[in-house]
Amino acid sequence: MADVARVEQAIFVDEIGLAYARLGAAVVKTAFAPVLAVRPEGLVPVAVEGQAHIVADGRTVAATALLAALDAPERRFLATLWQTLHVRNHGHLGVEGLGLFLRYALDAGAGPDPALRDLRLLAGHMAEAGVEPARTVCELTGMAGLAPDDEAMLVEAVRAHGLALALGADGPAERMPALIARLRPDLVRLDGGWLARLDGVAPALRMLGTLVAMLQDDGAEVLVDAIATPRQLATALDCGADLVCGPLFGPARPAGALFDPAPRDPQALVDPSSAAVRRRS
């Protein structure tokens, strides 16, 4: 279990009310990346995904590098600490109605109990911070390593807290279709790196479009993340994705920074040269 007292002791609040954490010499703050819905009027920001921005000795430290050096209980503590920061800082976006995407990495070897306790902890922080569960998506990663009964307990807990359930393609490829069919998530995250590998392979791209349509027919929205290039965005749009996010839409911005809620023009992102021509004309 992530130690509740330890999480609280690690969190501080600055002069404008933003929460941050101290871990030895490291300072952890929240950055928010936009999640955009594909709509007729363009790519519309509908939510943000919290990311940990870590600075130690004046240098930025990748969260993945820090987690890789720790054992499972410490990784779970840090993950809960970071999600708590994101929840507390969500109210500083300055834009009403934006949802929040959270990720929880499961430790299959520990069983469901630590995750169930941590979900209760996060739900309590959400209530205190005024974050609406109905606008919050909780993605569980590592589900492919759990027993079916444990899967069911976690899914029930996520939904009992009023959160939408998301799954990512983070497990063995052969297990994911059955897992998604069994758990019926509200959202499925597809890695934009897949799109890069499929680029130019017409049969594979048709299969991807078929997969997206099947997921949508089962009631799930499809998010394509890590979109870094115009080609990846074009592929995501062609395959029918509901939501997109990634560095193509700009870097994650620190909590408290101004957030631009305006729709983005997909054509300008897919073909920047055409946008330049329109500006000159």
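In order along segment 47-61, phi translates into HN-Hα couplings of 7, 10, 10, x, 10, 7, 9, 10, 10, 9, 6, x, 10, 6, 10 Hz, rounded to whole numbers, per the Karplus curve 6.51 cos²θ - 1.76 cosθ + 1.60 with θ = phi - 60° and x for Gly and Pro. Under a 5 Å amide H cut-off, with hydrogens placed 1.01 Å from N, Phe101 pairs with Val48, Glu49, Gly50, Val137 among residues at least 5 apart or on other chains. Taking the empirical scaling 2.2 N^0.38 Å for compact globular proteins as reference, segment 47-172 has a Cα radius of gyration ratio of 1.06. Taking the empirical scaling 2.2 N^0.38 Å for compact globular proteins as reference, the chain has a Cα radius of gyration ratio of 1.02. Here the relative contact order of the chain, from alpha carbon pairs under 8 Å that lie six or more residues apart, stands at 20 percent.
Is it possible to state the helix-based mean residue ellipticity at 222 nm for the chain, with each DSSP H run of 4+ residues giving -39500 (n - 2.57), the sum divided by total residues, to the nearest 500 deg cm²/dmol? What is it? Can you show the working numbers first?
Values: 11 runs with 115 residues, N = 281.
Mean residue ellipticity at 222 nm (helix-derived): -12000 deg cm²/dmol.
Quick one: longest stretch of the chain between exposed loop GluC sites (Glu not before Pro), exposed meaning at most 16 other C-beta atoms within 10 Å and loop per DSSP?
Here the longest run is 175-281.
Each reported figure results from applying straightforward, stated rules to the coordinates on display, with no laboratory input. Computed from a predicted structure; not experimentally measured. FYI the Cβ positions are ideal-geometry reconstructions off the backbone, even for glycines, and counts take in every protein chain you see.
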